[in-house]
Amino acid sequence: MRKSLTQRLGLGTLGVVAALLFVFPTYWMFTSSLKTPGQVLSPDYDLVPLSVTFDNFVSALTKPGFTTYLTNSLIVTLGAVLCSLVAGVLAAVPLSRMRFRGRKGFLLLVLIAQLAPFEALLIPMYLLMRDAGLLNQLPSLLLVYFAATLPFTCWMLYGFVNGIPYDLEEAAMIDGCSRAGAFRRVTLPLLAPGLVTTSVFSFITAWNEFLFAFVFMRDQNKQTLPVWLSSFRTAFSVDWGGIMAASVIYAVPALVFFIIVQRKLVSNLTAGAVKG
């Protein structure tokens, strides 16, 4: 029992240290956003600010284009997530329920597409969008994010669909439902946790993307929030307080959401990853 207690104390201490290491950059960002420019650039960093100012938040929220960038980010991110969920379900259900030639090869291609670095496709996709006349248009960025999130969505939903017994659909069809009706009434409600989990990770992937938005969208009224964050840096100076405040505004909603759903999110992710 003493050994077990020692192990638990050791693991607990290790967990606290690891948590502090992960939390400290966020704490640094938040406290820096509450400081004046002189305090931010001071060589003596105060872990607890002696004086607090909200001027950085006011400056970030009133910066020209913030509302436009926020709207553009919401449009392309939510649109890409919705499209990837629909396409992912339409791909995951046949892959799980049907047996056909080339099925395993297709799954392997989906996994390879997920593992490949998406930045390697920047030049080919830029040339493709340029030739199609889709540069500097929000639908083109939506298509890019859709392509980026689809392999992950398809692979994860395939695991979730595999975890739902097909016997339930067969029982619904015996009771008079069609195949589509059995899927809509039985499988789809049971698939809801997987859809939520997958959509969260797809949302974060699209929400944080910077490179394609920066290259494809040249007009300021077409750019997204990650590009807006880079506007606090000029050729002559860097508004560190503004960057920190803008980063807090950008990150806090996602952090709060993860705190609320983290237990359900982790359990659903594990279930979808190991089944099938």
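The values are calculated or read from the model by the stated rules, or taken from the named source; none is laboratory data. All of these numbers come straight from a predicted model, not from anything done at the bench. Cβ atoms come from the backbone with ideal geometry, glycine included; neighbour counts cover every protein chain shown. What goes into the accessible areas is simple: the full protein's heavy atoms, side chains included, and nothing from ligands, DNA or RNA. Shrake-Rupley method; radii C 1.70, N 1.55, O 1.52, S 1.80 Å.
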Most mobile of 214, 57, 22 per a Gaussian network model of the chain (Cα springs, under 10 Å)? 22
Rounded to the nearest 10 degrees, the helix 103-115 long axis (Cα) sits at an angle to the longest Cα principal axis of the chain of 0 degrees
Which Rg and Dmax, in Å, describe the Cα atoms of the stretch 124-225? 19.0, 57
With every protein chain left in place and a probe of 1.4 Å, what is the accessible surface of residue 207, to the nearest 10 Å²? 30 Å²
Cα-projected label distance for residue 41 with residue 214, points at 7 Å along beta-carbon direction, nm: 2.3 nm
I'd like the Karplus ³J(HN,Hα) series for the stretch 58-67: coefficients 6.51, -1.76, 1.60, θ = phi - 60°, whole numbers in Hz, and an x wherever there's a Gly or Pro. 5, 5, 5, 6, 9, 5, x, x, 4, 4
Taking the Cα centroid of the stretch 207-223 and of the stretch 107-125, what is the distance between the two, rounded to the nearest whole Å? 20 Å
Length released on extending from residue 104 to residue 179, taking residue separation times 0.36 nm less the Cα-Cα span: 24.6 nm
Given the protein chains as shown and a 1.4 Å probe, how many square angstrom of residue 177 are accessible, to the nearest 10? 40 Å²
On a straight-distance basis, which aspartates and glutamates could pair with residue 35 in a cross-link, Cα separation under 16 angstrom, same-chain partners fewer than 8 positions away excluded? 44, 46, 55, 239
Rounded to the nearest 10 degrees, what's the angle between the helix 138-162 long axis and the longest principal axis of the chain, both from Cα atoms, 0 to 90? 50 degrees
The alpha-carbon center of the stretch 143-171 and that of the stretch 1-77 are separated, in whole Å, by 35 Å
Helix 2-33 versus the longest principal axis of the chain: what angle, 0 to 90°, nearest 10, using Cα atoms? 60 degrees
Connecting C-alpha atoms closer than 10 Å in a GNM of the chain, tell me which of 222, 35, 104 has the biggest fluctuation. 104
For the modelled label position 7 Å from the Cα of residue 59 along Cα-to-Cβ, which residues of the stretch 219-248 have backbone nitrogen atoms closer than 11 Å? 232-233, 238-246
Provide the gained length on full extension for the span residue 135 to residue 27, in nm with one decimal, where the gain is 0.36 nm per separating residue minus the Cα-Cα distance. 35.0 nm
Accessible area of residue 249, 1.4 Å probe, to the nearest 10 Å²? 50 Å²
Per the Cauchy relation, a quarter of the hull surface: what is the mean projected area of the convex hull of the alpha carbons in the chain, in nm²? 22.1 nm²
Among 110, 17, 89, which one moves the most in a GNM of the chain with springs linking Cα atoms closer than 10 Å? 17
